[in-house]
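Peer 1: What follows is a structure written as structure tokens; I'll ask about it next.
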Amino acid sequence: MTDMNKGNKERVHLEGLGGGRFAVRSDLTFECATIILSQSKRLFADCEHISVDMSGVQQADSAGLALLLEWISWAQHFDRKIAYENIPKQILAIAKISEVTGILSAAVEIPVQPNDSDDTVSANPH
């Protein structure tokens, strides 16, 4: 592992907030998605209801979308509920082009609506 990759890994963070709530504290990009997936396997293991806040995400790409879809698949496979809050607009744009917006909407159990006040989308079922 190069020093650059090691530094990036240290900055990638999925934080457990308690009660099945989590926050992504890094980008959702090719560079970070695998690390966050690995962290989530450990953190999500004992949670029936999971809520992931992405308000701390500055950059996102198709790997971020793939991660969200993977979490949905995992939740369905293990009979868990997952909800997303503040999905970055970049991910929603890729989801629309890829025709998977419906899958994300189903995961949050409400239609995904743009939040005109910033660069994220709020999808909070609470």
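Peer 1: Mind checking which residues of the range 81-102 are surrounded by 13 or more Cβ atoms within 10 Å (Cβ to Cβ), among the β-branched types (Val, Ile, Thr) and over 25 Å from GLY19 (Cβ atoms)?
Peer 2: Result: ILE94, VAL100, THR101.
Peer 1: If you don't mind, there's one more thing I want to ask. Taking the range 25-45, which residues are at pLDDT 95 or above, in contact with a strand residue (DSSP E or B) (Cβ under 6 Å, 6 or more places away or on another chain) and under 20 Å from ASP61 (Cα atoms)?
Peer 2: Scanning the range 25-45 gives LEU28, ILE36, GLN39, SER40.
Peer 1: When the residues of the range 44-53 are narrowed to those that are touching a residue at least 24 places away in the same chain (Cβ under 8 Å) and out of contact with any helix residue (DSSP H, G or I) (no Cβ under 8 Å at 6 or more places or on another chain), which ends up farthest from ASP79 (Cα to Cα)?
Peer 2: The residue in question is ASP53.
Peer 1: Identify, from the list ALA33, ALA75, ALA23, the residue that is in contact with a helix residue (DSSP H, G or I) (Cβ under 7 Å, 6 or more places away or on another chain) and under 26 Å from SER98 (Cα atoms).
Peer 2: ALA33
Peer 1: Sticking with this structure for a sec: Answer yes or no: is there a residue in the range 109-116 that is out of contact with any Gly (no Cβ under 8 Å at 6 or more places or on another chain), modelled with pLDDT under 95, closer than 20 Å to LEU17 by Cα and in a loop (DSSP other than H, G, I, E, B).
Peer 2: No; the residues of the range 109-116 include none that is out of contact with any Gly (no Cβ under 8 Å at 6 or more places or on another chain), modelled with pLDDT under 95, closer than 20 Å to LEU17 by Cα and in a loop (DSSP other than H, G, I, E, B).
Peer 1: Further, regarding this structure: Restricting to the range 28-80, name every residue that is surrounded by 16 or more Cβ atoms within 10 Å (Cβ to Cβ) and among the polar types (S, T, N, Q).
Peer 2: THR29, GLN39, SER40, SER51, SER62
The values are calculated or read from the model by the stated rules, or taken from the named source; none is laboratory data. Since the structure is predicted, the reported quantities are computational estimates derived from the model, not experimental observations. All Cβ positions, even for glycine, are placed from backbone atoms using ideal geometry, and neighbour counts span all protein chains on display.
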